[in-house]
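Below is one structure; the comments refer to it alone.
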Amino acid sequence: MFRGSSFHTIDAKGRMIIPTRFRDVIKAGGGDGVMLSRMDLSLFAYTFEEWKKIEDKILSLAEKSDAMRRFRRVFVGGAFECNCDKQGRILVPPTLRHYAGVKKEIVLVGVLDHFEIWSRENWEAENLRMEEDMMGEGVRNEIAKLGL
């Protein structure tokens with residue numbers, strides 16, 4: 001499982017180092033790389049094993065709505081297989097870097113079955129949104145259901 005967050009940089013060629021704690025999970029998840037896709041102005045990184053589960057779920061859905069077709073088109077159609085090099089780096093494709101606003105400073109966030117790659121600016125904005133949401137009773141009730 002992916003847990004924790006850390007600050008990193010991405011080089012001018014679009015390469016970023018995957019922390020050792022995440023590389024260990026990636027290797028246990030069926031390979032030496034990740035499937036990257038886009039969502040919420042960030043990038044979602046899945047092990048190959050987890051990505052296969054997502055594809056299977058999407059294929060099994062009876063719902064063929066316009067919204068779901070668009071989601072599949074963007075999320076699956078915009079996904080890239082990114083293998084680690086000998087230094088433990090992946091190359092993030094330019095289209096994904098552009099979508100997420102990734103330039104130099106990035107934040108990696110473990111979210112159990114995947115990790116997310118955020119530009120530092122987008123991550124700080126996301127944290128502010130969460131703090132604002134925490135003021136509302138609805139979110140606080142949802143969190144309370146977790147026993148926290």
Which entries of K13/K104; K52/K103; K52/K145; K27/K103; K52/K86; K13/K86 show an alpha-carbon separation above 18 angstrom in the structure shown?
K52/K103; K52/K145; K27/K103; K52/K86
Just in the range 103-148: which trypsin sites (Lys or Arg not before Pro) are loop by DSSP and have at most 12 other Cβ atoms within 10 Å?
K104, K145
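Restricting everything to alpha-carbon atoms, can you work out Rg to Rh for the range 7-71 with a Kirkwood hydrodynamic radius? Intermediate results must be reported in sequence, preceding the final value.
Values: Rg = 14.8 Å, Rh = 13.9 Å.
With Rh from the inverse mean 1/r over Cα pairs, Rg/Rh is 1.06.
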Which whole-number percentage describes the relative contact order of the range 5-120, with Cα contacts under 8 Å and a sequence gap of 6 or more?
39 percent
Trypsin sites (Lys or Arg not before Pro) within the range 10-70: DSSP coil, no more than 10 neighbouring Cβ in 10 Å
K13, K64
Convex hull of Cα atoms in the chain, direction-averaged projection (nm²)
10.0 nm²
Mean ellipticity per residue at 222 nm, deg cm²/dmol - from DSSP H runs of n ≥ 4 across the chain, formula -39500 (n - 2.57):
-11500 deg cm²/dmol
In whole Å, what are the extents of the range 45-118 along the principal axes defined by its C-alpha atoms, from largest to smallest?
42, 25, 20
Taking every other residue with Cβ under 10 Å from the Cβ of V109 and scoring Lys and Arg +1, Asp and Glu -1, one gets -1
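Each value in this text was obtained by applying a stated rule to the coordinates, not by laboratory testing. Note that the coordinates shown come from a computational prediction; the quantities given were computed from them, not determined experimentally. Cβ: placed from backbone, ideal geometry, glycine included. Neighbour counts: every protein chain shown.
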